Amino acid sequence: MTFRQFAYRNVVRNRRIYAAFFMASAFSVMVFFLYSMLLFHPAMNEGFVEEIATSGMLMAEFVLFIFTLFFLFYSMRAFLQARTKEFGILLLLGMARNQLQRLIFLETMLIGSVAIVAGTSLGFVFSKFFLMIVKELIQVPTLPFYFTWQPFALTIGSFASVFVIISLVAPMFIRTGEVYDLLQGESAEQDAYSTSKWRALAGIVLLAVTYTMAVYATNLYVIRVIYLLPAAAVLGTYFFFSDSLPYMIQLFRTRKRLYWRPFWLLSLSEGVVRLKENARMFFIVTMVSTLAFMSVGLLASLTSFANQYREINPLGLVYKSYPGNVLEQIHVRELTDELNEKDIDYTVVPFRVLQQKSSFTDKNVSIVRLSSINALGYTFGHDAVNVKNGEALFLPQSESSFEQLKDHSVKTSLEKSNLDVTISGAYPYRLFPPNAIGANAIVISDEDFDRILMGEDGSTASLFRYYAFNIANWQETKDVGRALHEDELQSILLGGETNTLFSFGNPGLNYSIIRTTFSLLLFMGLLLAAVLFLAAGSFVYFRLYTTLDRDRRQFDVLRRMGITDKELKKIVNRQLLPQFFIPWGVAFIHTAFAFLALQVIWDALAEISIVTELTLVLGGFAILQISYFYLIRWRYLSHIRTPE
């Protein structure tokens, strides 16, 4: 038997242990290849679609590459540490250290080569389906399947370099003591583990403080501590698994009345050993799972913002003209001509917005005419409202401001025109984007509006003119007004934003960009989260099956003592449940409290609730985790029942 055949048979004999590692590696290669297919697609060559796809794919591939490097390094190191007894036997039989390193290199490259071939092949097989999904997400006319060497070269080159690096670096972490120490295997390190009471307390305190800060966070407060919270959560999580949890179990073991029961005695005694052995693994699984949950949840909340964008921006097009703009009518005519050419139904309602200082707040207030508001409301199907002379309505900017102002009443005087008005209640419908008319805006009767104009020069009284285009099929307007938008950008570059005499907004174009961006990011995030989730599961799978021989011997002794099959399942459940669900449970809690802090930011930005997204994300991952647990338990029980 040659040296290469020996390396090959080593991998084949350990295929049960390497299975999860191989699956996670192959899946990472497949996802990377799919990203590369979109990155080099010839259709990604126009406008913001190219920028979104290119930058998004590059970022996703970079994150995937870095994580895969970390995952493979940690996994290979764990594999090699678990095989120290095997390496000790090989050294005892006369193998040299450089031959051992060559053996590890050949084994790793063999697994890596098969994973690269399998992942690339699967990626190419599913690339057509992948491109069909992306086509619907970014709404391009066509995204056909294509074949080129570039995705293959990038994928194979990237992951070949990863496996070469891991193959060369990982052997350095094999314990280099005496052969006797290697023959002891993992048991040689277990006695050196100790639990600190102070670290146990620190872990609980850090997590409690982090959760409390997240619950009572305000918008400004979250921004200030946004870098402190993750660091405290990471450190607290590490202490929790390394010291807090074993210390709490140790305290429970001192309660003889509770602990000295057959199943608790067997389960907890073995559970403490597993915690000592797997504390670092539990910590890594928790943080990787939290990252997966948070990435999907965050991107799902962005998608929720895109879905609610229409409610926040009810108008199809908006044009604002300031005093002195001689091109006002030309610009409005250009917009209407473009809409007519594209056969898009629209209704345009012009507004004249005045500005006065309120004696009540000593701040400027924007004023609009009641007939203009009712005309625009009519295009949306809203009932007309009535405002008498000397009265006014608040024009709220959002749903929350409407709730605050609907029962509010203020008596004030508009100082320039000496007009006394009583502002009672708020206009009940949303017609404008936030702050479109002004932060403080009111609606007054036509007679009072004309009285203000007659009381002073109309040019000084006017703040701006506002043209509101109500368009039912507002997503069809994404190509309307592009020349006007370029003129606006040019005038800003030449004269600055304060000297610009007009502004133009196209919510249809903005929505197209936002929806495309967030949908593509969510899709990429789901694939990345799948890689993270599979990797986290492979950590648990590996630790479970590396101790399978020891577990089989233990349960064999219990069977000889008369334990039944039902009792065996009960013990296995109590041993496996903590290993599977404590790390993911802590990750769920981390994610839930992180979303509480994120909700504060969303409330300040757009008044959007992400409770639905959080529930869907955590619920979906919980179903996957439960399914994965039952699959692994079934395989584990079948191996436990099989004699050596």
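Worth a mention:
- Residue under evaluation Ala217, criteria (1) farther than 30 Å from Leu69 by Cα; (2) surrounded by 16 or more Cβ atoms within 10 Å (Cβ to Cβ); (3) modelled with pLDDT of 85 or more; (4) not basic (Lys, Arg), criterion not met: (3)
- The listed residue being loosely packed, with under 13 Cβ neighbours inside 10 Å and modelled with pLDDT of 80 or more, out of Ala233, Ala153, Ala202: Ala153
- Restricting the search to strands (runs of 3 or more DSSP E) fully inside region 314-374 and requiring at least 2 residues that are touching a strand residue (DSSP E or B) at 6+ places or on another chain (Cβ under 9 Å), within 21 Å of His485 (Cα to Cα) and among the hydrophobic types (A, V, I, L, M, F, W, C) gives 317-321, 347-357.
- Flag if Ile66 is surrounded by fewer than 14 Cβ atoms within 10 Å (Cβ to Cβ), β-branched (Val, Ile, Thr) and either modelled with pLDDT of 70 or more or under 27 Å from Thr120 (Cβ atoms) (or both): yes
- Total residues in region 18-41 satisfying the condition of being among the small types (Gly, Ala, Ser), at pLDDT 80 or above and more than 18 Å from Phe73 (Cβ to Cβ): the figure is 1.
- Residue that is surrounded by the fewest Cβ atoms within 10 Å (Cβ to Cβ), among those in region 382-418 that are in a strand (DSSP E or B) and charged (D, E, K, R): Lys411
So that you can scan it fast, the table gives a plain yes or no per residue for (1) in the same structural domain as Met30 (by TED's automatic domain parsing); (2) farther than 17 Å from Tyr8 by Cα; (3) within 34 Å of the chain's Cα centre (by Cα):
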{"position": "Leu80", "(1), (2), (3)": "yes, no, yes"}
{"position": "Lys85", "(1), (2), (3)": "yes, yes, no"}
{"position": "Leu92", "(1), (2), (3)": "yes, yes, no"}
{"position": "Gln101", "(1), (2), (3)": "yes, no, no"}
{"position": "Leu106", "(1), (2), (3)": "yes, no, no"}
{"position": "Met109", "(1), (2), (3)": "yes, no, yes"}
{"position": "Ser113", "(1), (2), (3)": "yes, no, yes"}
{"position": "Ala118", "(1), (2), (3)": "yes, yes, yes"}
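- Scanning region 344-373 for residues that are out of contact with any Phe, Trp or Tyr (no Cβ under 8 Å at 6 or more places or on another chain) and surrounded by fewer than 17 Cβ atoms within 10 Å (Cβ to Cβ) returns Asp345, Lys357, Ser359, Phe360, Thr361, Asp362, Lys363, Asn364, Ser371.
- Residues that are among the small types (Gly, Ala, Ser), out of contact with any Gly (no Cβ under 9 Å at 6 or more places or on another chain), under 18 Å from Ile373 (Cβ atoms) and touching a residue at least 60 places away in the same chain (Cβ under 8 Å), drawn from region 397-438: Ser398, Gly438
- Matching option when the condition is hydrophobic (A, V, I, L, M, F, W, C), under 21 Å from Tyr466 (Cβ atoms) and over 41 Å from the mean Cα position of the chain (by Cα), among Ile437, Ile373, Ile330: Ile330
- Residues that are under 22 Å from Trp474 (Cα atoms) and buried (at least 18 other Cβ atoms within 10 Å of the Cβ), drawn from region 315-335: Leu315, Gly316, Leu317, Val318, Tyr319, Lys320, Ser321, His331, Val332, Leu335
The values are calculated or read from the model by the stated rules, or taken from the named source; none is laboratory data. Values in this document were obtained by computation on a predicted structure and should not be read as measured data. Here the Cβ is made from the backbone with ideal geometry for all residues, glycine too, and neighbour counts use every protein chain on show.
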